[in-house]
Amino acid sequence: MKLKRMALYAAALAFMVFAGFPFYWMLITAFKQNRDLYVGASDVKHIPWIFNDPPTLEHVRLLLGQTAFPRWVLNTLLVVVAVAVITVAVAVPAGYSLARLAGRWGERLGMGIFFTYLIPPTLLFIPFSRLVALLGLNNSLGALILIYPTMTIPFCTWLVMGFLRSVPWEIEEQAMIDGYSRLEVILRVAPRLIMPGILTVVVFTFTLVMQEFVYALTFLSSVDKMTVSLGVPIALVRGDVYHWGSLMAAALFTSIPLAIVYNLFIDRFIQGFTMGAVKG
Amino acid sequence: MTSLTRRSIADREDVLGVLMLAPSLVYVILLVGVPFSLAILLSFSNASAGSLRFEWAGWANYGAILGDPIFLRALRNSVVVTVGSQALVVVLATAAAQVFRATFAGKRFARFVLLLPWAVPVSLAAIAWTWIFDSTFSVINWTLKAAGLMHGWLYWLGDPALALLAIIIVQAWRILPFATVIVLAGLASIPQEVVEAAIVDGAGFWRRLFQVELPLLLPVVAVAVLFGVVYTATDLGVVYVLTGGGPANTTHVLPTLAFQRGILGADLGQGAAIAVFLLPFLIVVAVAMLRLARRAEIGAR
Amino acid sequence: MAGVEIRGLEKHFGDLRAVDGVNLSIREGEFVVLLGSSGSGKTTLLRMIAGLERPSSGEIYIGGERVDGDVPPRARGIAMVFQSYALYPHRTVFKNISFPLEAHGVPRQQIEEKVRWAAEMFSITRYLDRYPRQLSGGERQRVALCRALVRDPKVFLLDEPLANLDAKLRNTARDDLKRFQRQIKTTTVYVTHDQVEAMGLGDRIVVMERGKVRQVGTPQEVYEDPVDTFVATFVGQPPMNLIELRDASLPARTLVGFRPEHFLPRSAFAAGEGVRTFRFAVRRVEYLGSDRYVYGSIADGGNPDTTVIAKLPATVALAVPEGETHEFAVPTATLRYFDADTGLRRRP
């Protein structure tokens, strides 16, 4: 029995190390002094995994003070808010409609909408580049605000549908018996019931916008317009030199809020992915 | 309150239903359906990003890329990376799920760490891995050398084969949490009594795992694999940041090549044609998922 | 074949004492029913015998061998039927039944024979190639029983196996089950909350409440000779009437109990029979076909708020109009006396 336990811990540790060591590496790199950092890896005597010299904040200072990183954060947040508003306004009513008002074909249609989520940006970006140019949205955040909902709406509609399946419809029917019209139920009673679902939609949109790279790469060209996900790997370069310390600091700062959010909402996302076949 | 006696539009559920559904349908049709068809159309055209002209080019684009060794290599790479990374993911995720379903001290923290690769934006993870695979400063090389396991030197991103391996590793790494969580959810949905019946019937750990749990897990594992395939095959970020398609166009995958030719090279027609080759992946996935969904419906009855 | 011996068995979940000191001796070949409502500990007790739960303290012996330590379920010689039947959904009926044999390394030829033999027993041979989802509830239950039977276990453990069947099926299933057990004579421990089932199936009934055993006895003993008010009111439908009487001949704080079927109009008894009469204020009469249930209260010396029920068979055709007070009686031999504070039976 004890051996089994030990094997379990060893396996858990192995997985943790595999998943986590790049983040540990990010952490170390972000705070290491350059002379501790840029030591050739063939030098076996110098251990890169620990702080050989005391940690420093210079990379962080550089990132926040001398790069466009703060600007990118602002841009990203702007897009997040705009896309979240659009997604909630469009996907939540759609999900409600399919779950409550559409009857049998509601399920099919919902699935159809969900499947459009599978159509990848790397196929659509070609025609989109034309469309964006036509609309004069080249190199603007407006392009992202217009196009990101094509990724969030399908998945979030399905999320809301799935969520509504777990909310008993009797409460709404009771309200209608008590005197409300269906519209009033939608406007007054339903929001409180599906608030957790709406929250999940917002969070999913947040994660998607923060992680999206392809459309940002395609439509944004000037540094001051970039989002974090685009700017950090592409534009944090001075000449030919990668400032790894600042790069890793940026990566770290972006990862942490996302990781926290993911942990809190993971079960809801999974329900969406497995199409409700599996309870999270 | 609306009038208590007459039915007004506020009661017309069919009208309300359509109204509430309309914006999303419009969005999906206009901004997904139309571009999708447009993409296919463009692949048969001579269009370029510069002008607005659209000339019918027939199969010219397809002919061009099918004769292009770089494209063929990209196609092969897409398959290799997708299959290789997802095979790894299936094995690792099933194992990880077994480990993480047990309770042990520090499990919440371990789960948090395990989820990190999925939470991180693809491009940022890729840049971190670029640093990890750096030819001079690679911490992997250091660790291998310090452990006495390596005597030469691994130029990860400079060697075509190694670079492809690096890409496979990164893709597996970032999809693993997602797959593990899905498999875990699947494990939790196996009825407790069925597992107990197997225990009472005399099945030991391994027999239970292979003859009872894994067969029941198959639909869930399939979902994880299907999404993993979509995410990996259609991904541009990892390859773009890690290698940019190099060295010398040897590590291109379909998305990055489509980007290079279609956007950077402004040849929309050819870019579209390259991207169209992603469709077989997606169609197989969509069909498989539909089958699974139908089977779940029947089984649940 | 083996008996089951349980000594001082306890199971705690934190502060909750699910099983609180149980001693039980089950004879070989006996059909014992653990009867109780939810939370009584009956299922936990069963699962401890099975080895699916570890006791907090106490001992369990199956066939004379101690098993409560680390002996896993497969080594205890038990077979179990779960409430949900727990069939393997991805395996055919044949493969469901053969699974325990495969797990024990039985050779292929023997597996074939044993599965067919068990299927014959329960008349499900024609379902052998089907999947559980294609079967009805009753059919699935028989498959579960086959799977349990096929290993020739020393003890059968059944956890409310009839609960998921509709009422009509339940009666025939009960009969089938009892006949089958009589035939193969394996020791059986059966858990249920349905006292009709318990009475119908058990050689002996173990009445449990909140982790403790209240009474062990044959159905007759438990019904006619309850040791306390819990057993008296749990077994029997409608439950035994318990009233506090203002009667000087009885010690203070005594409850008088009598079963509804013994509570009949005075005129239903012969003149000289030893009966105790009551003036019964009738509130309501339910006509149920084979019986009439009469609801009311005892008018003289009784508490008007305590509902008393009389169960009149159809053979007693006397009119009992509602809203009137009638003379009813109970044979003195059927009266039971209980201490009002402890609930325990007082024997005169």
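The values are calculated or read from the model by the stated rules, or taken from the named source; none is laboratory data. Note that the structure is predicted; figures quoted are calculated from it, not measured. Heads up, the Cβs are rebuilt from the backbone with ideal geometry, glycines too, and the neighbour counts pull from every protein chain shown.
For the reader, a short list of remarks on this structure follows.
- Condition check for B:GLY84: in a helix (DSSP H, G or I), within 26 Å of B:ALA248 (Cβ to Cβ), more than 8 Å from every other protein chain (Cβ to nearest Cβ) and without any contact (Cβ under 8 Å) to a residue 40 or more places away in the chain: no
- Within region C:93-150, being touching a Leu at 6+ places or on another chain (Cβ under 8 Å), outside any helix (DSSP H, G or I) and within 24 Å of C:ALA167 (Cα to Cα) holds for one residue alone: C:PHE122.
- Taking region B:89-109 as the range and being touching a Leu at 6+ places or on another chain (Cβ under 8 Å), at pLDDT 85 or above and hydrophobic (A, V, I, L, M, F, W, C) as the test, the residues that pass are B:VAL89, B:LEU92, B:ALA93, B:ALA96, B:ALA97, B:VAL99, B:PHE100.
Yes/no matrix, rows are residues, columns are (1) of a type in the set (A, V, I, L, M, F, W, C); (2) within 26 Å of the chain's Cα centre (by Cα); (3) at positive phi; (4) surrounded by fewer than 17 Cβ atoms within 10 Å (Cβ to Cβ):
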residue: A:MET6; (1), (2), (3), (4): yes, no, no, yes
residue: A:TRP25; (1), (2), (3), (4): yes, yes, no, no
residue: A:ILE28; (1), (2), (3), (4): yes, yes, no, no
residue: A:ARG35; (1), (2), (3), (4): no, no, no, yes
residue: A:THR56; (1), (2), (3), (4): no, no, no, no
residue: A:GLN66; (1), (2), (3), (4): no, no, no, yes
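- Set side by side, the residues A:ILE177, A:ILE234, A:ILE256 differ, and just one is surrounded by fewer than 18 Cβ atoms within 10 Å (Cβ to Cβ) and modelled with pLDDT of 85 or more, which is A:ILE256.
- Output for region A:143-153, where each listed residue is within 11 Å of chain B (Cβ to nearest Cβ) and either touching a residue at least 60 places away in the same chain (Cβ under 8 Å) or not in a helix (DSSP H, G or I) (or both): A:ILE147, A:TYR148, A:PRO149, A:MET151, A:THR152, A:ILE153
- The listed residue being touching a Gly at 6+ places or on another chain (Cβ under 8 Å), of a type in the set (A, V, I, L, M) and assigned by TED's automatic domain parsing to the domain that holds C:LEU16, out of C:LEU145, C:LEU165: C:LEU165
- Consider region C:11-21 and keep the residues that are among the charged types (D, E, K, R) and in a strand (DSSP E or B). The one that is nearest to the chain's Cα centre (by Cα) is C:ASP20.
- Filter result for B:LEU290 (farther than 30 Å from B:GLY158 by Cβ, facing chain A (nearest Cβ under 9 Å) and at pLDDT 85 or above): no
- Residue count, region C:142-168 (criterion: buried (at least 19 other Cβ atoms within 10 Å of the Cβ) and closer than 16 Å to C:ALA103 by Cα): 7
- Candidate set from region C:249-269 (those that are hydroxyl-bearing (Ser, Thr, Tyr) and touching a residue at least 24 places away in the same chain (Cβ under 8 Å)); member that is nearest to C:PHE338 (Cα to Cα): C:THR254
- B:VAL99 fulfils the conditions (1) free of Cβ contacts under 8 Å to residues at least 12 places away in the same chain; (2) crowded, with 16+ Cβ neighbours inside 10 Å; (3) over 30 Å from A:TRP25 (Cα atoms); (4) of a type in the set (A, V, I, L, M, F, W, C) except for a single criterion, (3).
- Of the residues screened, B:THR130 is one that is assigned to a helix (DSSP H, G or I) and closer than 20 Å to A:ILE234 by Cα.
- Residues of region A:210-228 that are within 10 Å of another protein chain (Cβ to nearest Cβ) and more than 21 Å from B:GLY262 (Cβ to Cβ): A:MET210, A:GLN211, A:THR227, A:VAL228.
- Residue match in region B:105-115 (condition: of a type in the set (Gly, Ala, Ser), more than 7 Å from chain A (Cβ to nearest Cβ) and touching a Gly at 6+ places or on another chain (Cβ under 9 Å)): no
- Among the residues making up region C:120-152, those that are farther than 21 Å from C:ARG174 by Cα and either more than 14 Å from chain B (Cβ to nearest Cβ) or modelled with pLDDT of 90 or more (or both) are C:ARG126, C:TYR127, C:LEU128, C:ASP129, C:ARG130, C:TYR131, C:PRO132, C:GLN134.
- Residue in region B:17-44 that is farthest from A:ALA94 (Cα to Cα), counting only those that are more than 7 Å from every other protein chain (Cβ to nearest Cβ) and under 23 Å from the mean Cα position of the chain (by Cα): B:ILE40
- Test: residue in region B:141-150 that is of a type in the set (Val, Ile, Thr), in a helix (DSSP H, G or I) and touching a helix residue (DSSP H, G or I) at 6+ places or on another chain (Cβ under 8 Å): no
- Among the residues of region B:80-135, those identified as of a type in the set (Phe, Trp, Tyr) and under 29 Å from A:SER229 (Cα atoms) are B:PHE109, B:PHE112, B:TRP118, B:TRP129, B:TRP131, B:PHE133.
- Single residue of A:PRO191, A:PRO127 found to be closer than 24 Å to B:THR234 by Cβ and either charged (D, E, K, R) or assigned to a helix (DSSP H, G or I) (or both): A:PRO127
- Looking at A:THR122, A:THR157, just one residue is at the interface with chain B (Cβ under 9 Å from one of its Cβ atoms), surrounded by 21 or more Cβ atoms within 10 Å (Cβ to Cβ) and closer than 25 Å to B:ALA47 by Cα, and that residue is A:THR122.
- Close pairs from region B:265-279: first more than 13 Å from A:THR218 (Cβ to Cβ), partner of a type in the set (Phe, Trp, Tyr) and surrounded by fewer than 24 Cβ atoms within 10 Å (Cβ to Cβ), Cβ under 6 Å, at least 6 apart: B:ALA273/B:TYR62
- Test for A:VAL79: is it at pLDDT 90 or above, in a helix (DSSP H, G or I) and either more than 8 Å from chain B (Cβ to nearest Cβ) or surrounded by fewer than 16 Cβ atoms within 10 Å (Cβ to Cβ) (or both): yes
- Pair list, Cβ < 7 Å and 6+ apart or interchain, from region C:22-49 residues that are part of a loop (DSSP other than H, G, I, E, B) to residues that are crowded, with 20+ Cβ neighbours inside 10 Å and aromatic (Phe, Trp, Tyr): none
- One residue stands out among those in region C:90-107 that are farther than 23 Å from B:LEU216 by Cβ and at pLDDT below 90: the one that is surrounded by the fewest Cβ atoms within 10 Å (Cβ to Cβ), which is C:GLY105.
- For region C:266-316, the tally of residues that are among the small types (Gly, Ala, Ser), under 22 Å from C:ALA252 (Cβ atoms) and outside any loop (DSSP other than H, G, I, E, B) stands at 1.
- Condition check for B:TRP142: more than 12 Å from every other protein chain (Cβ to nearest Cβ) and more than 27 Å from the chain's Cα centre (by Cα): no
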